[in-house]
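For reference, the structure discussed in these notes is given below.
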Amino acid sequence: MKIKRISNGTSGKIGICIIRWVVFALIAFVVLMPVYWIFISSITPPGELFKSPIEYLPKHPSLESYQFLVSHVGLLEKIRNTIIIIGVTLIVGTFICILGAYGFYRFRDRKGVNLAFLFIVATMLIPEVVTARPLYEFMRKVGLFDTYPGLIILYISSIVPFTILILRGFVGGIPVVLEEAAAIDGAGFWQRMRYIILPLMKPAIATVCIINFISCLNNFFTPLYYSNHIQVLSVAIVQLPLRDNMYGVPWDLTSAMGWIILMPIILFVAIFEKQIMDGIMAGGVKA
Amino acid sequence: MYRSKSKAMALLPWLLVLPVVILRAFTTIYPVTKTIRDSFFDIRLLAGKNVFCGFENYIRMFHDPKVLISIQFTVIFVFVSMFFHITLGVLLAMALNMKFKGQRFLRTIVLIPWAMPSVVAGMAAKWAFNNDYGLINDLIRRIVPSFQYNWLIYRGSARAAVIAVDLWKDLPFFAILVLSNLQFISGDLYEAAKVDGASARQCFTKITLPLIAKGVATLCIPFTLWRLTSFDLVYSMTSGGPGEDTALIAYRITTEAFTNLNIGYASAMAVVLFLIMMAFSLINMRITGSKKFET
């Protein structure tokens, strides 16, 4: 009797183990299969791409689609645009958000400041389609349409509410005593910022930057409607030229462009899994 | 000396917060006001028209078959997608919570759909659902060799495909947020239940579900709002087709505003959408007691 129970227990454990790996395989397949398919499509020569069944191990891998993107679509220029816009957005945006988050938390007992904070949180609710047309006309009028500054202003604006929310929560975790002690020792505002607040906020700033990088890379609406010539990667992928195929979708180029966007994302996710998880759980950001 | 310093101190908070406040005000207050104003005007750029028309835009919208189809699909999209978000999302969260060797790998890969742009998923999906060369039919044909179906040219299957891709991309995100609720449940509870002889199923229905129910309900509000304003996916995957069958309301509004240039009409629709979203959030604040932003 006793022996039977023990063996039951172990077979039950093996059963659970098998179920776990089946679930694991199922999820991994559903998530990774499309990503893998995009990758192999991007290195399959166009001539072999429009074939059925799909060859999941391309026989003649080639970088032809990528070369075409570089030579005819201006891939490098679009990568440069994307890097410039996201880079400046992250630097300037993070800087003003750190100041803002600090101000909002330390002076939260002032009515006006707290109202301003609630205003910023409330603006999270305003969908882009509501503001799009007037903002578009305004940007045109003041000459910011289709310019780097114009796009960067809109990109920064889009990351402000989330960033403020996360960073403000984090400032709350820094004891005021530290600052008071420094102030007594004669440290001015900027010194306290530089030597006390910033070092303590490093992890939060890193998390926010990682998530904002992804959400900027995902931004589609802004570059689609507020610029024309300055193309970023997310817009470029929907405006690829149709080469000689009759199927209506330039899948050869689309998959290559898709992989260019996916590569940094996969790398980022693999390296920063923990920070991203923390950030998502803290703020529930939408990429 | 002292006086001027205290004055500077009084200004300091505003110096700190003004950049972000001004930026957000610039991108929201003026445009929202202008959209509300425009919604009462008949503005057609192509016809060079700009006259006051009262509530005409609002009345017209509920007789416009295109808009009605958009509203219909938006409602279906939100309900079906949210239903699967909740059911599959909880299951996926529990899978991500399994303690075993593959845990970290699993958590990492489910971040990929969340982190990639919707347009990339949409463009890939457009081709994946192609009858002849798409991934979906290719996989099906490996089991049912004679399978032929062109997903995106029929109303029902095109709508199902859009919802499926939306789930593929967003379900992991929902699951991660449910996971953060799961992690708050103390392991002692399960231990105690096991000692009392509870089955795995009882553990799930009597401990897990009640404890995450509120968290999941709270999550539903922002996820519903995001579905209501979903634009990128349909733009890249179906362009609203076949016909107008997958044109979500946000896509409809943008098309009117930027392609057909019926600005007054588009503004009226945007205002209605905005009011619906406000109603949702107010309900949400009532339920959660707006505790989230108090510190």
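Any read-out appearing in this document is the output of simple, stated calculations on the displayed coordinates, not a laboratory observation. If you're wondering where the values come from, they're calculated on a predicted model, not measured in any experiment. For neighbour counting, all protein chains shown are included, and Cβ atoms are generated from backbone atoms with ideal geometry for every residue, glycine included.
A few points about this structure:
- Sorted peptide list for A:261-274, B:204-217, criterion being average Cβ within 10 angstrom, highest first: A:261-274, B:204-217
- Contact order for region A:74-236, expressed relative to its length and based on alpha carbon pairs under 8 Å spaced 6+ residues apart, stands at 40 percent.
- Cβ crowding within 10 Å ranks B:His85, B:His63 as B:His63, B:His85, fewest other Cβ atoms first.
- Span-rule helices in chain A, defined as complete DSSP H runs reaching 27 Å or more along the axis (Cα) with Kyte mean at least 1.6: A:148-171, A:251-271
- DSSP H segments from chain B that extend 27 Å or more along their own axis, Cα-based, with Kyte-Doolittle mean of -0.5 or above: B:2-38, B:65-96, B:155-182, B:209-228, B:263-288
- The fewest-to-most ranking of A:Thr131, B:Thr33, B:Thr218 by surrounding Cβ atoms within 10 Å reads B:Thr33, B:Thr218, A:Thr131.
- Inter-part distance where region A:94-145 and region B:162-229 are each reduced to a Cα centre, Å: 32
- Mean sequence separation of contacting Cα pairs (under 8 Å, at least six apart), scaled by the length of region B:171-265, corresponds to a relative contact order of 19 percent.
- For a straight C-alpha distance cut-off of 19 angstrom, the aspartates and glutamates reachable from A:Lys202 (same-chain residues fewer than eight places away being disregarded) are A:Glu179, A:Glu273, A:Asp278.
- For A:21-29, mean number of other protein chain Cβ atoms within 10 Å: 4
- Order of B:Tyr265, B:Tyr149, A:Tyr155 under a 10 Å beta carbon neighbour criterion, fewest first: B:Tyr149, A:Tyr155, B:Tyr265
- Over the protein assembly as shown: Kirkwood hydrodynamic radius from C-alpha pairwise inverse distances, Å: 26.2
- Inter-chain Cβ neighbour average for residues A:97-109, partner chain, 10 Å: 4
- Scaling against 2.2 N^0.38 Å puts the C-alpha radius of gyration of region A:115-202 at 1.52.
- Stretchable slack from B:Cys203 to B:Ala217, in nm (0.36 nm times residue separation minus alpha-carbon distance): 3.0 nm
- The protein assembly as shown, helix-only ellipticity at 222 nm - DSSP H runs n ≥ 4, -39,500 (n - 2.57), divided by all residues, nearest 500: -23500 deg cm²/dmol
- Equivalent ellipsoid dimensions for chain B as semi-axes, Å, which come from the Cα gyration tensor, largest first: 38, 34, 18
- Put a dot 7 Å past the Cα of B:Arg37, heading toward its Cβ, do the same for B:Ser146, and the two dots end up 6.6 nm apart.
- Shielding by partners, peptide A:248-257 (average Cβ within 10 angstrom, other chains): 3
- Its relative contact order, with pairs defined as Cα atoms under 8 Å and 6+ residues apart, puts chain A at 26 percent.
- In the frame of its principal axes, region A:74-236 has Cα extents of 55, 35, 24 Å, reported largest first.
- In region B:88-123, chymotrypsin sites (Phe, Trp or Tyr not before Pro) in a DSSP loop with at most 13 other beta-carbon atoms within 10 Å: B:Phe100
- Placing a pseudo-label 7 Å from each Cα along the Cα-to-Cβ vector at B:Ile185 and B:Phe105 gives an inter-label distance of 2.6 nm.
- Out-of-range pairs (alpha-carbon distance over 24 Å; input B:Lys99/B:Lys206; B:Lys126/B:Lys169; A:Lys111/B:Lys214; A:Lys111/B:Lys34; A:Lys274/B:Lys169; A:Lys78/A:Lys274): A:Lys111/B:Lys214; A:Lys111/B:Lys34; A:Lys78/A:Lys274
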